[in-house]
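*Asks:* Please see the structure below; I have some questions.
The values are calculated or read from the model by the stated rules, or taken from the named source; none is laboratory data. What you see is a predicted model; the values in this text were computed from it and never measured. Reconstructed Cβ throughout: ideal geometry from the backbone, glycine too, with neighbour counts over all protein chains shown. Heavy atoms of the whole protein, side chains included, go into the accessibility calculation; ligands, DNA and RNA do not. Shrake-Rupley method; radii C 1.70, N 1.55, O 1.52, S 1.80 Å.
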Protein chains: 2
Amino acid sequence: MQLQGELDRNPIAAYGTGFLMAHIPGTFEISHRDERSSARTGILHTAHGPVQTPVFMPVGTQGTVKAMTPAELHELSTEILLGNVYHLNVRPGMEVIEAHGGLHAFMGWDRAILTDSGGFQVFSLAKLRKITDEGVAFQSHVDGSRIFLGPREAMNIQRILGSDIAMAFDECPPHDCGFEYTCKSVERTLTWAALCLEQPRAEGQLVFGIVQGGEFPDLRKQCSQEMVSLGFDGYAIGGVSVGEPEDVLLAGIEHTVPHLPDGQPRYLMGVGMMHQILEAVSMGVDMFDCVMPTRFARNGSAFTRRGRVPIKAGEYRLSTAPVEENCECYTCRNFSRGYIRHLLNVSEILGVRLLTIHNLHRYSEFMKEIRSAIADGSFAEYKRNFLTTSTDTWIEQTGD
Amino acid sequence: MQLQGELDRNPIAAYGTGFLMAHIPGTFEISHRDERSSARTGILHTAHGPVQTPVFMPVGTQGTVKAMTPAELHELSTEILLGNVYHLNVRPGMEVIEAHGGLHAFMGWDRAILTDSGGFQVFSLAKLRKITDEGVAFQSHVDGSRIFLGPREAMNIQRILGSDIAMAFDECPPHDCGFEYTCKSVERTLTWAALCLEQPRAEGQLVFGIVQGGEFPDLRKQCSQEMVSLGFDGYAIGGVSVGEPEDVLLAGIEHTVPHLPDGQPRYLMGVGMMHQILEAVSMGVDMFDCVMPTRFARNGSAFTRRGRVPIKAGEYRLSTAPVEENCECYTCRNFSRGYIRHLLNVSEILGVRLLTIHNLHRYSEFMKEIRSAIADGSFAEYKRNFLTTSTDTWIEQTGD
């Protein structure tokens, strides 16, 4: 036990000892498997500690999970969060982050970070895009300045950021672009993926490939297989949550996961509705991210077991009840709906803070429940129960 | 010792025992006196615990010290904060706060609260004022609705808020309104003050009278003496920080304090520049409040021992130094100027949060230093040293 403790504190000494293989970044230990679905729990080891899966990763686009301190994220048991190449490259720029020695030191976060390569933002935010085999030339959405981002640039930025998981640079086309364009886009994504693997990385940095292919099962299969043959540390299902209907989203997962290696982590990009997370987990997905809990907090919506609650609604004016009964988060232990409603109505920062804490806590608890249901064999029951008694949309605004 | 501890936990048992008189709200124990000035340290007991003086009270206008949780204020050793009758009466309204059982429960704050009576805001924010002997009719600055606030209304609101210290309702005229108007205003303030004392109070609630009189020494003296003869639990110097030059402000203190009882707390309303606090403390003032540390944080300015630092300035772009070297606040222990500058530039809430924590910490430390300098007989030296080596305005933006 003492030796183990010693090595835990000195991870470099553990490398190559064999019996501590698990501590090498990229090692993915599957702990439990659900017998009636493809759901599994696991631990993904990163250079900044272990990540228990299935995991929900809060989004920290601009070097901060909006309204939260790292200390508050620790309290919520957050083990990994997201950063964005596109945004951080525009502001503050790599010179600033390099001066700080990387994104962890810059934002004061000592656990794992996954960085999105910028592909998604280039195709959703940037103006005047011009795509070539080398990458994409575009105008910044902030000040219109000319920027070029390709596989080399995205990987170099992620090396400087020093994220634990870097994403390959991909093309993420809209869901209704047709077969021919999707085909071309898959080809380009694969070329870029191969280039990404050739670039230098930060120490211990993992790289995940992103599977595209839109709503076309054959393209999804082909892209998955070729991506896997390139040999990444994990694989993401991309091109989802881009405006397609839910059945298309779920089909996209179904047509991708079976072609990915069982022993490596699978990440569904940008999907965050709770019932969608449940479906994806049962199909074998391990990682999720979404702006929903933080963005909805800023709009005054609380996630509860009974559904979303519009805290600004007039009916909560006199409410002394917490956002959610029996919730153990700092917000629910200390403040009422009536108080938070007031704060939001007078635009006080604390209102957004308190709802963000609650929403991220709710997501964290949700993932914990999923993990323990898988571990104790009750996942099917948990899922059925959630889908019938909980709601993922607005609750009826009757009573309190 | 054990008995003392027992009684500390059971303050009601302590009432009337004589030897624990100090725990009765309103008791003001003077602990140390400076030999070379009128400065003193003390403990003011309130229904929500002791307050060490001289004290700086953070401002929580709308039921929250902007951007801060009560837990964070605890960490900064905050023992008392300010609430505002005018704002809380407009939003959320007394019905909401009454439903919660008072302002403490509403905002989750278990230590002392002083509430401003609304006089200052009625005269600085409200539109279409009409003043009578009964009070002031005006339009809300939020939605233009008609509101009436007078001594009875202000005291009733403060009773519902349940603040530990209620302020009498006063007229706070502009500094350049002339002798005749100031005279009339003092008369009205005294009439209202007497009426305030007749109103019902919350349990354990103290009431402070406010001395007006503008820049006229005789009026200050007369108002002080008549206010004292009415018999309040403490006295405030009002009609300051209303646009007058600094020498007029300091003269106002000088012409008021000598006429106030030595054994009761003195509160200088709305004054928060550090060198002004030092001057006022040396004249015998015990309590201060100001929006400066919180408001300046929102504008990107940090208070440091060397002066104010405009964190958004371009020169801090690559700075990995904390806001202030050797500062022990959460912000300085964990984050750099470069990071906070980035957060402010991209309008992330965390930037404002981190600067607010630092600025309030700086004020808290400043008051601690003042108290211990008075206690150990070095106040004159501390004051001289502060006024020569520190600066209360912008520091030179060179180097760093």
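*Asks:* If you go through the stretch A:89-99, how many residues are surrounded by fewer than 20 Cβ atoms within 10 Å (Cβ to Cβ), assigned to a helix (DSSP H, G or I) and at the interface with another protein chain (Cβ under 8 Å from one of its Cβ atoms)?
*Replies:* Of the residues in the stretch A:89-99, the ones surrounded by fewer than 20 Cβ atoms within 10 Å (Cβ to Cβ) are A:91, A:93-95, A:98-99.
With assigned to a helix (DSSP H, G or I) added as a condition, the list becomes A:94-95, A:98-99.
Then keep just the ones that are at the interface with another protein chain (Cβ under 8 Å from one of its Cβ atoms); that gives A:95, A:99.
Summing the residues that are surrounded by fewer than 20 Cβ atoms within 10 Å (Cβ to Cβ), assigned to a helix (DSSP H, G or I) and at the interface with another protein chain (Cβ under 8 Å from one of its Cβ atoms) in the stretch A:89-99 gives 2.
*Asks:* Now a separate question. Anything in the stretch A:195-227 that is within 18 Å of A:V257 (Cβ to Cβ) and either among the β-branched types (V, I, T) or open to solvent by 10 Å² or more (accessible area, probe 1.4 Å) (or both)? List them, or say none. Quick ask: steps written out before the conclusion?
*Replies:* Here is the first cut: in the stretch A:195-227, the ones within 18 Å of A:V257 (Cβ to Cβ) are A:208-227.
Across the stretch A:195-227, the qualifying residues are A:I210, A:V211, A:G214, A:E215, A:F216, A:P217, A:D218, A:K221, A:Q222, A:Q225, A:E226.
*Asks:* Another one. In the stretch A:143-161, which residues are within 24 Å of A:R266 (Cβ to Cβ) and of a type in the set (G, A, S)?
*Replies:* A:A154
*Asks:* Looking at the stretch B:185-194, can you tell me whether even one residue there is within 20 Å of B:N89 (Cα to Cα) and open to solvent by 10 Å² or more (accessible area, probe 1.4 Å)?
*Replies:* no
*Asks:* Mind checking which helices (runs of 4 or more DSSP H) fall wholly inside the stretch A:320-400 and carry at least 2 residues that are of a type in the set (A, V, I, L, M) and farther than 15 Å from A:R308 by Cβ?
*Replies:* Helices (runs of 4 or more DSSP H) meeting the threshold: A:349-375, A:379-389.
*Asks:* When you go through (1) surrounded by 17 or more Cβ atoms within 10 Å (Cβ to Cβ); (2) farther than 26 Å from A:A67 by Cα; (3) out of contact with any Phe, Trp or Tyr (no Cβ under 8 Å at 6 or more places or on another chain) one by one for B:S124, which number turns out not to apply?
*Replies:* Just one mismatch for B:S124, condition (1).
*Asks:* Check B:F296, B:F379 and return the single one that is closer than 30 Å to B:G42 by Cα, of a type in the set (F, W, Y) and surrounded by fewer than 20 Cβ atoms within 10 Å (Cβ to Cβ).
*Replies:* B:F296 is the lone residue from the list that is closer than 30 Å to B:G42 by Cα, of a type in the set (F, W, Y) and surrounded by fewer than 20 Cβ atoms within 10 Å (Cβ to Cβ).
*Asks:* Step by step: first the residues of the stretch B:139-165, then only those that are in contact with a Lys or Arg (Cβ under 8 Å, 6 or more places away or on another chain) and farther than 23 Å from B:R188 by Cβ, then the one that is most open to solvent (accessible area, probe 1.4 Å). Which residue is that?
*Replies:* Among residues in the stretch B:139-165 that are in contact with a Lys or Arg (Cβ under 8 Å, 6 or more places away or on another chain) and farther than 23 Å from B:R188 by Cβ, the one most open to solvent (accessible area, probe 1.4 Å) is B:V142.
*Asks:* Considering the stretch B:60-86 alone, what residues qualify as being open to solvent by 10 Å² or more (accessible area, probe 1.4 Å), aliphatic (A, V, I, L, M) and within 13 Å of chain A (Cβ to nearest Cβ)? Full working, then the answer.
*Replies:* Quick first cut of the stretch B:60-86, residues open to solvent by 10 Å² or more (accessible area, probe 1.4 Å) only: B:61-62, B:66, B:70-72, B:74-79.
Within this subset, residues satisfying the condition of being aliphatic (A, V, I, L, M) are B:71, B:76.
B:A71 - this is the single residue of the stretch B:60-86 that is open to solvent by 10 Å² or more (accessible area, probe 1.4 Å), aliphatic (A, V, I, L, M) and within 13 Å of chain A (Cβ to nearest Cβ).
*Asks:* Further, regarding this structure: Name the residues in the stretch A:239-269 that are buried (at least 19 other Cβ atoms within 10 Å of the Cβ), modelled with pLDDT of 95 or more and among the small types (G, A, S), would you?
*Replies:* If the condition is that a residue be buried (at least 19 other Cβ atoms within 10 Å of the Cβ), modelled with pLDDT of 95 or more and among the small types (G, A, S), then A:G252 is the only one that fits.
*Asks:* Test A:V323 against the criterion of being open to solvent by 10 Å² or more (accessible area, probe 1.4 Å), within 14 Å of another protein chain (Cβ to nearest Cβ) and not acidic (D, E), and give yes or no.
*Replies:* no
*Asks:* Hey, another quick one. For the list (1) outside any loop (DSSP other than H, G, I, E, B); (2) farther than 25 Å from B:T356 by Cβ; (3) in contact (Cβ under 8 Å) with a residue 24 or more places away in the chain; (4) out of contact with any Asp or Glu (no Cβ under 8 Å at 6 or more places or on another chain), I need the number of the one condition that A:Y86 fails.
*Replies:* Going through (1) outside any loop (DSSP other than H, G, I, E, B); (2) farther than 25 Å from B:T356 by Cβ; (3) in contact (Cβ under 8 Å) with a residue 24 or more places away in the chain; (4) out of contact with any Asp or Glu (no Cβ under 8 Å at 6 or more places or on another chain) one by one, A:Y86 breaks only (4).
*Asks:* Inside the stretch B:337-356, can you point out the residues that are surrounded by fewer than 24 Cβ atoms within 10 Å (Cβ to Cβ) and among the β-branched types (V, I, T)?
*Replies:* Those that are surrounded by fewer than 24 Cβ atoms within 10 Å (Cβ to Cβ) and among the β-branched types (V, I, T): B:V346, B:I349, B:V352.
*Asks:* If I filter the stretch A:305-320 down to residues being of a type in the set (G, A, S) and surrounded by fewer than 19 Cβ atoms within 10 Å (Cβ to Cβ), which single residue comes out as farthest from the other protein chains (Cβ to nearest Cβ)?
*Replies:* Looking only at the stretch A:305-320, we keep the residues that are of a type in the set (G, A, S), and these are A:307, A:313-314, A:319.
Checking the rest, the ones that are also surrounded by fewer than 19 Cβ atoms within 10 Å (Cβ to Cβ) come to A:307, A:313-314.
Details: A:G307: 24, A:A313: 14, A:G314: 11 Å.
The extreme case among them is A:G307.
*Asks:* Any residue at all in the stretch B:272-287 that is within 14 Å of another protein chain (Cβ to nearest Cβ), on the phi < 0 side of the Ramachandran plot, in a loop (DSSP other than H, G, I, E, B) and not aromatic (F, W, Y)?
*Replies:* No: zero hits.
*Asks:* Within the stretch B:27-44, count every residue that is open to solvent by less than 30 Å² (accessible area, probe 1.4 Å) and either assigned to a loop (DSSP other than H, G, I, E, B) or in contact with a helix residue (DSSP H, G or I) (Cβ under 6 Å, 6 or more places away or on another chain) (or both). Spell out how you get there, then give the answer.
*Replies:* Let us first name the residues in the stretch B:27-44 that are open to solvent by less than 30 Å² (accessible area, probe 1.4 Å), namely B:28, B:34, B:39-42, B:44.
Those left that are additionally either assigned to a loop (DSSP other than H, G, I, E, B) or in contact with a helix residue (DSSP H, G or I) (Cβ under 6 Å, 6 or more places away or on another chain) (or both): B:34, B:39, B:41.
Residues meeting the conditions: 3.
*Asks:* List pairs: first in the stretch B:111-134 and touching a residue at least 40 places away in the same chain (Cβ under 8 Å), second among the hydroxyl-bearing types (S, T, Y) and open to solvent by 50 Å² or more (accessible area, probe 1.4 Å), Cβ under 8 Å, 6+ apart or cross-chain?
*Replies:* Within 8 Å, the pairs are B:D133/B:T191.
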